[in-house]
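To keep things clear, I will list the structure first and then write my remarks on it.
Every number here is computed from the coordinates shown, using simple stated rules; none is lab data. Everything numeric in this text was worked out from a predicted model, so none of it was measured. Virtual Cβ from ideal backbone geometry, glycine too; neighbours counted across all protein chains shown.
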Amino acid sequence: MADFINKPQENVQKIVEAIKSEAEEKAEQIKKNAEEQFKIQKNNIVNTEKDKIIEEYKKRLEKLIVDRRIQRSAKINEQRLEKMKARFDFIEKLKGEISNKIVQSVSDPNKYKNVFKQLIIQALIKLMEPKVELKVMKKDLQLAREVKTECENEFKAIAKRECNRDFNCTIIINEYHSLEEENPKVIGGIVLTCDGGRIQVNNTLNARVDLAFQEFLPDIRRILFPSMK
């Protein structure tokens, strides 16, 4: 205490230096802490932004993968549809060629007359009705008139032989409406109806070709397109 009183200036200087030293230490510590906090915050911000960027690129990559899968799937489906269309077109072309050959084969009046009669009799057997209406092409009207009675009698004989019963059927030829009115592409044959047109047997040559194709379509595909599963 005596020294402090005797040497006030020196002691004050020591106190000032001590305070200054402590202040500098605290300032340095504060600076150090601030730098550490800054580094931590900076790292947090950098890591957060880096995670955002990584997540964004992951989303973009996933979208790109999905888009490419969709494009690939669409391309595969497009190729499948093209193949299916090509097969369908080829089969339709084949069906058209067969129809043309049928037209050529029945261009002989005698051959066509026999086919025409058989188509009528088959339809009569399917319907088994006492009264039916016959619709034909305009060019076949006279032929229908010629074979009408023959068909009725032959059907009656078949019913007697197969069913052991007398069954009379009257065929009424529709003189006013032809098959071409319903189907301009019809190539021949007949349509037989009863019950006011509610029941119908389509025995046109077109229908018979379609029926044959449906029946043998699996075999046709297997022969023409062996790689198709």
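Observations, loosely collected:
- Taking every Cα-Cα distance in region 109-220 and sorting them into 10 Å bins from zero, the calculated P(r) comes out as 14, 46, 31, 9, 0 percent.
- Counting only Cβ charges, +1 for Lys and Arg and -1 for Asp and Glu, the dipole size of the chain around its Cα centre is about 880 debye.
- Beta bridge orientation in the chain: antiparallel %, DSSP, nearest 5: 70
- By the count of other C-beta atoms within 10 Å, a proxy for reagent exposure, Val66, Val132 are ordered fewest to most as Val66, Val132.
- Protection proxy ranking of 112-121, 175-184, 80-89 - average other beta-carbon atoms within 10 Å, highest first: 112-121, 175-184, 80-89
- Column: log10 I(q)/I(0), Debye, Cα scatterers of region 1-105, q = 0.15, 0.17, 0.20 Å⁻¹: -0.90, -0.96, -1.04
- Hydrodynamic radius by Kirkwood, which averages 1/r over all alpha carbon pairs of the chain, in angstrom: 26.7
- Among Ile199, Leu124, Ala212 - extreme Cα towards positive end, dipole of region 109-220, charges at beta-carbon: Leu124
- Stretch gain in nm, segment Glu36-Ile172, where the contour uses 0.36 nm per residue and the Cα spacing is subtracted: 38.1 nm
- Charge dipole of region 1-105 about the Cα centre (unit charges at C-beta), most positive-ward option of Ile30, Ile40, Leu64: Leu64
- In this label model, Ile70 and Asn100 are separated by 4.5 nm, measuring between points 7 Å along each Cα→Cβ vector.
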